[in-house]
Structures are given as structure tokens and as C-alpha cells.
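Here's the structure we're looking at; comments come further down.
The values are calculated or read from the model by the stated rules, or taken from the named source; none is laboratory data. None of the values given here were measured: they were computed from a predicted structure. Cβ placement follows ideal geometry from the backbone for every residue including glycine, while neighbour counts extend to all protein chains displayed. Note: areas computed on protein heavy atoms with side chains; ligands, DNA, RNA excluded. Shrake-Rupley method; radii C 1.70, N 1.55, O 1.52, S 1.80 Å.
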Amino acid sequence: MAPSLVADWPRVAARIQSSRRVAVLFDFDGTLVKIAPRPDQVRLSPLTRRALRRLARHPRVTIAVISGRRRCELLRLIALQGIRYFGLYGWESRRRSSLPVAAVTALRRARMQISIHLSSIGGLWTEDKHFSLSVHLLAVSRPEQSPGRRKLRSLLLPYRKTLRTIDNLRDVEIVPRCILGKGMAVRHFLAKPALCHALAFYFGDDHSDESAFEAVRRGISIRVGAARPTNARYTIRGPAAVAAVLTKLEAALN
């Protein structure tokens, strides 16, 4: 298990102080905000909002949020300037995005199959993000979770050349194969000339964040939430702890 970030903070603070630039990247749900029963019920705490606003204005800091949500949702829920927002695991950025017709068709057919064959599983529901599908399992009873995931994977076999799944803690994301995931998004972002020598932080709580932890191997990767095996270098307890770390990070910069 990864050690606590709090215990090793003096060493981390020394790295911050010696760095000319710091890039701080976040997942959203379960990292910046607490998990809610429905995605539209999450709220950014005032403490986290203030910490993000201050860091976004700092001349040595670059901030980005990389989420499975659509980019427009991140803009609405965070609504802070000076932050880069990437939706759909990093695939959706400022530029207008489009999918191959085959992927759009496969997503539509997959949703139909899910509605027909998985509707008997209590608590399961599908969120259509247009460019992806999120099959939510948070309200599904524990005994039905694993069978539900297996049945879903079986239903998606006919679409495996066009679609792939991202198995998260509380949902299964169905995405076109052109959506490569957070690790690739982080690598592309940090390859920018202004950031190639920056000290990179990545905060995340889910299975889809593991590739991002790998992408910042030379930086500071932090797994948020209950202890479990992870590629992250450090762990912290939850979104409230993330806000506390951001306050410490700002102090180390000044």
C-alpha cells in the first residue's frame, strides 16, 4: 500500500519549493467532490473552490481537471477561470470533437442491449453522454455487482472492435476505442514546452486514474480514498484532505 502523503509532506514541500513550475492535475468525482447518489448532485465545497481559485492565479502553477464527465459539465460544476478542463478521460478538450459513424452506431446499439438485458438489476442505470455510456452501479447491491459486470461485458462482445470498457469502482464506462484514457491525456498535457520540466501532481480515486499515476511517475501521484493496491506514490483520505493538501501546496509555493 502507498504511504500517506501527510507523513511525507516535508519532502514533498521541498520539491515544490525547488521547482520553477508546478502542474496540478485532478480527477473530479471522488477527488475534488464527494460521490453523490446521482452525478448532478455533486457540489464543490467552498474550501476546495477557494483553494483552486488561489492556485489557478499563482504564476508558477498550471491546473487541469481530467474526468470521465463531459467537459461542459466540468465547466458548469467548477466554473473557475485559469483551469484547463478535459472531459471523457482527456479526449474532449477545447476543440470541437466528433466520433466515427461506426462508434456512434455501436454506442446506440449497446445502449439498447443494456436496456433490454440489464433492466432487471435493481439500482443499475445508464447515463448517455452522447460520446460514451456510463453504466452506474453505485445503487446496485453488492451480490449483484460482479454478475452485472460480467453480463455487461458479454453483451458488449459484438462491439469489441469499436468500443471498449473502463471498469471503475462505481460504474462501467463504455467508450469508443479512440478515447485512449487518462494516462495518455496526462502525457500529452505534460509534454507541452512550458510543462515538460514542471513538477507534476495527479490526484485521483478510481481505477481509470491508475494510468495517470503511471504517467506522473517522476512527480507526485496521490490516490484519494480508502486504501487499496495502486500505482500512486501516496494516499490521502478523501476530497476534504485534497483541499487541505492544496492549502499546504500554496503555502510551500510562497
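Each of ALA226, SER134, HIS58 was scored by the projection of its Cα onto the charge dipole of the chain, and the greatest displacement toward the positive side belongs to HIS58; charges sit on the C-beta of Lys, Arg, Asp and Glu. Taking only the alpha-carbon positions of the range 29-137 and ignoring solvent, what does the Debye formula give for the base-10 log of I(q)/I(0) at q = 0.19 Å⁻¹? Log10 of I(q)/I(0), two decimals: -1.05. On the accessible surface of the chain, probed at 1.4 Å, how many percent belong to carbon and sulfur atoms? After summing per-atom areas, the C and S share lands at 53 percent.
Shape class of the range 149-254 from the alpha-carbon gyration tensor: oblate, with a/c at 1.5 or above and b/c at least as large as a/b. Running a GNM on the chain with Cα contacts under 10 Å, which residue among ALA64, ALA102, ALA215 ends up with the highest mean-square fluctuation? Result: ALA102 has the largest fluctuation of those listed. Helical runs assigned H by DSSP (4 residues or longer) give the chain a calculated mean residue ellipticity at 222 nm of -11000 deg cm²/dmol, each run adding -39500 (n - 2.57) before division by the residue total.
In the full protein context, the range 71-214 carries 51 Å² of accessible surface per residue, based on a 1.4 Å probe and ignoring ligands, DNA and RNA. Working note: Debye formula, equal point scatterers on the alpha-carbon atoms of the chain, no solvent; log10 I(q)/I(0) at q = 0.10, 0.11, 0.13 Å⁻¹ is -0.49, -0.59, -0.82.
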